[in-house]
Amino acid sequence: MDLIRKALDVAGANMALGNEQFRAEGATFVRNRAHPLIYDANHITGVEVSSPEQIERLLARADAEYSHTRHRRFCLDFRTPAPVAARLALEGYVRDDALVMLLEGELRGEPPPCDIRPAMTDEDWAGYGELRMLDWQEHAARHGMAPVPEVGESLLAVARAKQPPVQNWIAYVDGRAAAYFNSWAGIDSVGQVEDLFTHPDFRHRGLATALIHRCVADCRAKGAGPVVIVSDPADTPKRMYAAMGFRPVALVSNYMKRLQTPAE
């Protein structure tokens, strides 16, 4: 259980990187006023309160601190007091889960030869930005959302703000940016790899496998032992991660309420 708690802490700390972070009303507030459309950069986690009065104050504080956004988001896990999730459900928050998986031994399988480079130059980031925008468009289409260009631009900016300590990696095919992933040595000797995406034209060539191997190796070269990855329980990549040696250890439940305007 101690390792599972560390895995959850690493996943939460990863989202907070590059953003403002503070404790208030018995919870951790992660906020980025420059990028109000990005859920991961504007959310509440680490909730420890449980009484109706405490939860009421927390909800009021959330409205005050996130008046710049069109959403309210709480990230909960098994350590969160049960009344918090119950109150959020009462208030009309919609729940979706993220699957936290952990690699403790060696990765299975052999990666194919691949041109993988750390994102360092303006050219690297331009290629990354094109892929990131496509990733966002696919995500929006799957969830019936409008692919607002500003979201893709903000996702790129938030990713750049995390490096360092996160290292973004790009797989190239014939000089063209074709896939990306990132690595972070993490905290308490637990690392994390995250944000895997491959351009549709280059899928089923082993790029994802090669990137996972490179990023896990980078985490461990920088001192990590176990390595975390977070996946969508409703999407297929979780099967690939499991086949490579990652095991499911916990769920993070994201409770979301979308607002019509920031002022509501």
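The values are calculated or read from the model by the stated rules, or taken from the named source; none is laboratory data. Keep in mind the model is a prediction, meaning the values are calculated, not measured. Quick reminder, even Gly has a Cβ in these numbers, built from the backbone with ideal geometry, and neighbours come from all protein chains shown. We work out accessible area using only protein heavy atoms, side chains counted, and drop any ligands, DNA or RNA first. Shrake-Rupley method; radii C 1.70, N 1.55, O 1.52, S 1.80 Å.
When the strands (runs of 3 or more DSSP E) confined to segment 13-59 are screened for residues that are within 22 Å of Asp195 (Cα to Cα), those reaching at least 3 such residues are found at 43-45. Taking the numbered list (1) surrounded by fewer than 19 Cβ atoms within 10 Å (Cβ to Cβ); (2) of a type outside the set (Asp, Glu); (3) assigned to a helix (DSSP H, G or I); (4) without any contact (Cβ under 8 Å) to a residue 60 or more places away in the chain in turn, Leu3 passes all entries but (4).
Checking each residue in segment 175-203 for being touching a strand residue (DSSP E or B) at 6+ places or on another chain (Cβ under 9 Å) and open to solvent by 40 Å² or more (accessible area, probe 1.4 Å) picks out Gly175, Asp195, Leu196, Asp201, Arg203. Restricting the first member to segment 125-137 and to residues that are of a type in the set (Phe, Trp, Tyr), and the second to residues that are crowded, with 19+ Cβ neighbours inside 10 Å and outside any helix (DSSP H, G or I), the beta-carbon pairs closer than 8 Å and six or more apart or on different chains are Trp125/Ala119; Tyr128/Ala119; Tyr128/Asn168; Tyr128/Ile170; Tyr128/Ala177; Tyr128/Tyr180. Taking the criterion of being hydrophobic (A, V, I, L, M, F, W, C), open to solvent by less than 40 Å² (accessible area, probe 1.4 Å) and not in a loop (DSSP other than H, G, I, E, B), the residues of segment 111-133 that qualify are Ile116, Trp125, Leu131. Within segment 68-92, the set of residues being assigned to a loop (DSSP other than H, G, I, E, B) and either free of Cβ contacts under 8 Å to residues at least 40 places away in the same chain or under 24 Å from Pro248 (Cβ atoms) (or both) comprises Asp77, Phe78, Arg79, Thr80, Pro81.
Within segment 20-42, the set of residues being basic (Lys, Arg) and surrounded by fewer than 16 Cβ atoms within 10 Å (Cβ to Cβ) comprises Arg23, Arg33. Candidates Arg108, Arg79, Arg87, Arg95: the one that is more than 21 Å from the chain's Cα centre (by Cα), open to solvent by 80 Å² or more (accessible area, probe 1.4 Å) and among the basic types (Lys, Arg) is Arg108.
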